[in-house]
Amino acid sequence: MSDSANKMWSGRFNEPVSELVKRFTASVNFDKRMAEVDIEGSLAHAAMLNKVGVLSAADLAAIQQGMSEILADIRAGQFEWSLDLEDVHMNIERRLTEKIGDAGKRLHTGRSRNDQVATDIRLYLRGAIDILVALTHELQKSLLDLADQHAATVMPGFTHLQVAQPVTFGHHMLAYVEMLGRDADRFLDARARVNQLPLGAAALAGTTYPIDRLYTAELLGFDGVCQNSLDAVSDRDFAIEFTAAAALTMTHLSRLSEELVLWMSPRYGFIDIADRFCTGSSIMPQKKNPDVPELVRGKTGRVNGHLVGLLTLMKAQPLAYNKDNQEDKEPLFDTVDTLGDTLRIYADMMRGVTVKPEAMERAVKQGFATATDLADYLVKKGLPFRDAHEAVALAVRYAEEKRRDLSELQLVELKSFSPLIEADVVGVLTLEGSLAARDHVGGTAPNQVRAQIARWREVLAA
Ligand code: ARG
């Protein structure tokens, strides 16, 4: 029992936990991921204790020396993690004491693992958010490059998955740039609430030492300190909020994934995805499957599940800290990993998308996509919109029977649906005319698409 966790609270206990309970309660296998931030937090805590006269300069120096050796061991993969020591915090503290003796035992003065772990998660998450925001911006840039190549490439815009009106492929990509922009903003919003220091709350009520929490916060780059000790050690709303933002980002990428899968199907044939993102079938030699988008769609379920998991973890916990909270880490870490990988792979994959403009044009021509343009044309000539709608509906039915597009009807044929239709209708019924007419902020006209691309490039360069 000499190096087990029981030693840390030994006097109180007269039998060790069983192997199963030890495995059940231990978190070191996953929380060791927080080792570096745990050390960072400990060093700041020790420096603060020294500043307020609770820890001697010699003890602080010993702690700093010991921790730098431990950090080097961890980075080199040479640190021996022990399940007996339960979690990352006790593993590191024990190793420190082995190295430097009593100074190591003084580190935990005025601190509890409850405020320690809350601090670690926040430091970890702050770093993760910064990486995820940068990755989100990279994906936006990749989408902008694709949009730029296709600012004027016409494709069918869909509602109800039925051909609705012509849009440009660039405009369609920009819709996702907008979604991802809000996603990145949500991460940054959450970051402000993540970046508050819990340390000093100790177990739950604060501590009797003359601590200087603002100093610790400053050393660790926190914007402020949690203002209530019970809240500081117990709530994980910041992790839930982050996971909600991640679930939304995944949900956006799942929508794009669904579109890529559809578009790559021969039924659409709108795009091709580079081979390095696809796999074949072990039985059907002709197959090329869009595995990456399919998996992103699938992994969205898992991240959405983590959100529900964390909400459920929290919902019945009385104040303050409960061991339930140890269960926050795996969903949180998996969310960070899954989203990070998804964003990385997506930025690369969108650069490997080949667009097939002929197939898109063929599809848009099959759907009477300029019918609204014809109705608008009649309205501009004085017809009330509802009457125009009806006249065009009849024209569409006629064209459908003749198996021709509206643009392929003769002027005399068109005139039979409304005498207001004249020779100038030609420009209205072409795809180019339809696109160019939607020339306002947020519209699909190619010059508007180019303006949005320029705007986003500036935003992302800032
Ligand atoms: N491993 C624990 C966690 O992740 C650390 C805090 C433990 N505190 C306690 N009082 N048992 O939450």
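Details
- Spatially proximal lysines relative to Lys365 (Cα-Cα < 26 Å; intrachain offsets below 8 disregarded): Lys356, Lys380, Lys381, Lys402, Lys415
- Dipole axis of the range 34-174 (+1 Lys, Arg; -1 Asp, Glu on Cβ), positive-most option in Ile131, Gly101, Asn114: Asn114
- 18 Å Cα-Cα reach of Lys141 towards aspartates and glutamates, excluding residues that sit fewer than 8 places from it in its own chain: Asp130, Glu178, Asp183, Asp185, Asp341, Asp348, Glu458
- Evaluated with a Cβ-only charge set (Lys, Arg +1; Asp, Glu -1), the range 375-462 carries a dipole of roughly 240 debye about its Cα centre, given to the nearest 20.
- Helix-only CD estimate at 222 nm, as mean residue ellipticity for the chain, using -39500 (n - 2.57) per DSSP H run (n ≥ 4): -20000 deg cm²/dmol
- Overall, the chain carries a charge dipole of about 360 debye about its Cα centre when +1 sits on the Cβ of Lys and Arg and -1 on the Cβ of Asp and Glu, all other atoms neutral.
- In the chain, a dipole from Cβ-located charges (positive for Lys and Arg, negative for Asp and Glu) runs towards its positive end, and of Ala164, Ala184, Cys278 it is Ala164 whose Cα lies farthest in that direction.
- Summarising the strand pairing of the chain, around 85 percent of its internal DSSP beta bridges are antiparallel.
- Accessible surface of the chain, 1.4 Å probe, proportion on carbon and sulfur as whole %: 53
- Between the amide H of Thr279 and those of Asn289, Asp291, distances stay under 5 Å, these residues lying 5 or more places away or on another chain, with hydrogens modeled in the peptide plane.
- Take every Cα pair under 8 Å whose residues are at least 6 apart in sequence, average their separation, divide by the length of the range 272-354, and the relative contact order is 37 percent.
- Those lysines that a straight Cα-Cα span of less than 24 Å connects to Lys22, excepting residues fewer than 8 apart in one chain: Lys7, Lys32, Lys105, Lys323, Lys329
- Using C-alpha pairs below 8 Å separated by at least 6 residues, the relative contact order for the range 217-311 is 32 percent.
- In order along the range 89-106, phi translates into HN-Hα couplings of 5, 6, 4, 6, 4, 5, 4, 4, 5, 4, 7, 10, x, 4, 4, x, 6, 7 Hz, rounded to whole numbers, per the Karplus curve 6.51 cos²θ - 1.76 cosθ + 1.60 with θ = phi - 60° and x for Gly and Pro.
- Proximity of backbone amide H atoms, modeled 1.01 Å from N, is registered between Gly157 and Ala164, Gln165, Val167 at under 5 Å, excluding neighbours fewer than 5 places apart on the same chain.
- For Ala445, the residues 5 or more places off, or on other chains, whose built amide H falls under 5 Å of its own are Arg438, His440.
- Mean sequence separation of contacting Cα pairs (under 8 Å, at least six apart), scaled by the length of the chain, corresponds to a relative contact order of 16 percent.
- Whole-angstrom gap from the range 38-56 to the range 260-313, using each part's C-alpha centre: 49
- Put simply, when 141-150, 238-247, 204-213 are sorted by average Cβ atoms within 10 angstrom per residue, most first, you get 238-247, 141-150, 204-213.
The values are calculated or read from the model by the stated rules, or taken from the named source; none is laboratory data. Only a predicted model underlies this, so the values are computations on that prediction, with no experimental measurement involved. As a convention, Cβ positions derive from the backbone with ideal geometry for all residues, glycine included, and neighbour counts pool all protein chains shown. When the accessible area is computed, the model is the full protein with side chains, heavy atoms only, and any ligands, DNA or RNA have been set aside. Shrake-Rupley method; radii C 1.70, N 1.55, O 1.52, S 1.80 Å.
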